[in-house]
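Okay, structure first, notes after.
Values in this text are rule-based calculations from the coordinates and carry no lab data. Treat the numbers as computed from the prediction; the structure is a model and nothing was measured. Cβ placement follows ideal geometry from the backbone for every residue including glycine, while neighbour counts extend to all protein chains displayed.
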Amino acid sequence: MNSILPPLLIAVPLGIAFLIPLVARRLDRLADTLGNLATLSLLAVALLMFPLRGVYRIGGWNPPVGISWVLDGLSNLMLVVVNLVSFVATLFSIRYMERYTAKHRYYSLFLLMVAGMNGVILSGDLFNLFVFLEIASVSSYALVAFGGRHEELEASFKYLVLGSVGSTLVLLAVALSYAVTGYLNMGSVSTLIAGRQAEPVLLLAAVFFIVGFGVKAAVVPFHPWLPDAHPSAPAPISAMLSGVLIKALGVYALSRVLFNVIGVDPVIAGVLIAVGALSMVVGVFLAVGQWDFKRLLAYHSISQMGYVVLGLGLGGYILATGGARGAATLAILGGLFHLANHSVFKSLLFLCSGSIEQATGTRQLKEMGGLRERMPLTRATCTIASLSIAGVPPFNGFWSKLLIVLAAFQAGFAWLAAITILVSLVTLISFLKVLRYAFLGALPEPLRDVREAPALMSISLVLLAVLCTGMGLLLVPAVRGVVLDPAVAALSQGLEYARSLMAGM
Amino acid sequence: MVYTLCFALFLTGLYCALTKKNTVKIVIGLAIMEYAVNLFLILLGYRRNGVAPILDRSTDLADFLARSVDPLPQALVLTAIVIGLGVTSLAVALCIRLYEKYGTFDVTQIRRLKG
């Protein structure tokens, strides 16, 4: 494949990230324009690339010598999700970030993070994956500390320590697979280790991959950094971190390596199911008791990532034990669809929390109240997002949760389906609490002259709310065949991925 | 044997990063972990009495293949060192800012966030 589009996904954000501090040090408007143009063009490139499939060889070197980037259904879907959320987040930042100084640094770090995520998604090479993982992680550590206050620095340090341990484990796992195979290209590694998964060195590598990416995905028991780091960042960054970063760096990278390189066996799939179910339950019960709006949302991120991991693990388990292929496809479809849905509604919720914080100056639910007339638009969008995350029809969250429950029933895991429904109910209760305390009740005296968020911020809220309402349509068979099924196929093909990668030489 | 020692070094770093109370010591622990992995990568490519992996016209190809060290891990380690430098400098900068705000390097006293 010789398209010019894939390199643009890395070159544009990297180039503009370094251009902004050079030309827009004192011109905030120019930084805004450049940042938004960059993310808008990235979204356009991601959409244009959607039908493209194949292997892009960097510098024309053939794999396994050169580094290859792989475009398949899954990476295309992830690219669209990541670049969509980053565009909405930059649009929101124009007015929201005015309270901070040094907007140009903000946009630089933001675009570096986007470049890192795009790279992780594209990469078909283990070490290249690690490099992009670190680019995205390091800029996200800095973005969490962006406000520079006590809590932000503390959260950032905690995130940095756990994140670096995770990255180092990933590097160690990459080194171990290189030691066994002598290759870094995912296709070659996968072909060479086929049938040897039980060797101790490879088991060790698999464990390190799971732990390393698990830290990035913040699944229980590797979650402690997330509830501190995500609320401490500025709202658009929280939306990026919860909406796409934990997915691109965590779940996407993990499923790529497990499904397509190492290959899922029943044990690995069992670990995924256990971790997913545990994250769902622990996350939601920790969330119920929270009174800080953003912290509550962060705990729900852990819980919702549990759904995604559970769906993927279930699919992997059915495939590995030779069960019905239909049920496996359904489970993976549910997991991936929930991943896309969660990006949309969770970033919407974080942006809503940002617009409330901007208006009222507080994140504590107990200090809010009666905002329904003052902020009607925020109320409407926040309600839509809350209903989506709680899985109320016809919003998008309902459909993906339904798929996961159905798949669990078909696979004979009725108790998992029961847990899934129960967690969904607790989520609903928790969000009814949010809506009740933030928007209903009497308006407290200090909030008398609260105003609705500025127009630019509202546009981004409405954009995401429309997506939340309409994304259920992706399940219509004709649309599903184009958008979701290729992504599912990329994972359910499993190790055949390696062969197709070699065939693309 | 040498790999076991390398892994022991890695575990030392992990232990240090996860249990120490002092922020600077945690950063040192992270650095030790990282260098253990770098050392491991270099060991993978090492050959006793190996030659530098630079091919020129006069060298005999078979002899070269039999004796040269593996150049790829060296390239990887160079990249990993640069990344490690970035992470470490950010971590140290955060330690300094934390010290300015809290007046201490002790993580048990740096805890406003809980829950």
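Listed cross-link partners A:346/A:401; A:366/B:20; A:216/B:20 are compared with a 25 Å cut-off, the Cα-Cα value being larger for A:366/B:20. Step through the table entries A:294/B:25; A:103/B:21; A:247/B:21; A:103/A:294, compare each Cα-Cα distance with 24 Å, and write down the pairs that go over it. In this structure, A:294/B:25; A:103/B:21; A:247/B:21 lie more than 24 Å apart at Cα. Ranked by the mean number of other Cβ atoms within 10 Å of their residues, highest first, the peptides A:188-195, A:295-302 fall in the order A:295-302, A:188-195. The calculated FRET efficiency for residue A:476 paired with residue A:428, based on their beta-carbon distance and R0 = 25 Å, is about 0.45. Counting every other Cβ atom within 10 Å of each residue's Cβ, A:186, B:1 order from fewest to most as B:1, A:186. Cβ-to-Cβ counts within 10 Å put A:350, A:132 in ascending order as A:132, A:350, the fewest first. Specify the angular offset, from 0 to 90 degrees and rounded to the nearest 10, of the alpha carbon long axis of helix A:325-360 from the longest principal axis of the alpha carbons in chain A. With rounding to tens, the tilt is 30 degrees.
Any chance you could give the angle, 0 to 90 degrees and rounded to 10, that helix A:455-470 forms with the longest Cα principal axis of chain A? Taking Cα atoms only, the helix is inclined about 50 degrees.
The separation of segment B:1-23 from segment A:483-498, counted between C-alpha centres, amounts to 38 Å. Remark on chain A: A:468 stand apart, with no other cysteine beta carbon under 4.7 Å. Where only DSSP H runs of four or more residues are counted, chain A gives -24000 deg cm²/dmol as its mean residue ellipticity at 222 nm, each run worth -39500 (n - 2.57). Residues within the reach of a label modelled at residue B:67 (point 7 angstrom out along Cα to beta-carbon, backbone nitrogen below 17 Å), restricted to segment B:25-51, are B:46-51.
Based on DSSP H segments of at least four residues, each scored -39500 (n - 2.57), chain B has a per-residue ellipticity at 222 nm of -24000 deg cm²/dmol.
Extent of chain A along its three principal axes (Cα atoms, max minus min coordinate, largest first): 68, 56, 43 Å. A cut-off under 14 angstrom between Cβ atoms defines the neighbours of residue A:302, and their net charge, with Lys, Arg +1 and Asp, Glu -1, is +4. Evaluated with a Cβ-only charge set (Lys, Arg +1; Asp, Glu -1), chain A carries a dipole of roughly 560 debye about its Cα centre, given to the nearest 20. In this rough spin-label picture, where each label sits 7 Å from Cα along the Cβ direction, the residue A:436-residue A:380 distance is 2.6 nm. As a calculated quantity, the FRET efficiency between residue A:207 and residue A:406 at R0 = 41 Å, using C-beta atoms, amounts to about 0.85.
Ordering A:375, A:118, A:97 by the projection of their Cα atoms onto the charge dipole of segment A:5-503, which places +1 on the Cβ of Lys and Arg and -1 on the Cβ of Asp and Glu, puts A:375 at the extreme positive end. Of the peptides A:414-423, A:395-404, A:53-62, the order by per-residue mean of other Cβ atoms within 10 Å, starting with the highest, comes out as A:395-404, A:414-423, A:53-62. Partner shielding of A:168-174 amounts to 6, given as the average count of beta-carbon atoms from other chains within 10 Å of each residue beta-carbon. Return the aspartates and glutamates within reach of residue A:158: Cα separation strictly under 19 angstrom, same-chain partners fewer than 8 residues apart disregarded; answer none if there are no such residues. Straight-line reach from residue A:158, under 19 Å: A:134, A:228, B:34, B:100, B:106. Across peptide A:154-164, the mean count of Cβ atoms from other chains lying within 10 Å of each residue's own Cβ comes to 6.
Spin-label model, residue A:367 to residue A:3: label points 7 Å out along the Cα-to-beta-carbon direction sit 4.8 nm apart. Identify the residues of segment A:95-131 with backbone N under 11 Å of a label point that sits 7 angstrom from the Cα of residue A:33 along the Cα-to-Cβ direction, or state none. Those under the cut-off are none; the list is empty.
Does a label point 7 Å from the Cα of residue A:451, set along Cα-to-beta-carbon, have any residues of segment A:365-385 with amide nitrogen under 16 Å, and which are they? Only A:374-378 fall inside the zone, counting backbone N under 16 Å. Start at zero, step by 10 Å, and the Cα-Cα distances of segment A:323-457 spread as 12, 37, 25, 16, 8, 2, 0 percent across the bins.
Under Stokes-Einstein, with the Kirkwood radius over Cα pairs as Rh, the value for segment B:21-82 at 20 °C and 1.002 mPa s is 158 µm²/s.
Once both axes come from the Cα atoms, what is the angle between helix A:150-181 and the longest principal axis of chain A, in degrees from 0 to 90, rounded to 10? Roughly 10 degrees, rounded to the nearest 10. Take each residue in A:144-151, count the other chain C-beta atoms within 10 Å of its C-beta, and the mean is 3.
Only Cα pairs under 8 Å and at least 6 apart count here; give the relative contact order of chain A as a rounded whole percent.
That works out to 17 percent.
What percent do you get for the relative contact order of segment A:276-351 when only Cα pairs under 8 Å and 6+ apart count?
30
Using the 10 angstrom Cβ neighbour count as an exposure proxy, how do A:216, B:101, A:366 rank, fewest first?
A:366, B:101, A:216
Here the calculated FRET efficiency for residue B:92 and residue B:5, from their Cβ-Cβ distance with R0 = 25 Å, stands at 0.35, rounded to the nearest 0.05. Across chain B, Cα pairs under 8 Å and at least six residues apart give a relative contact order of 26 percent. Taking a ≥ b ≥ c as the square roots of the eigenvalues of the alpha-carbon gyration tensor, segment A:383-448 is classed prolate because a/c is 1.5 or more and a/b outweighs b/c.
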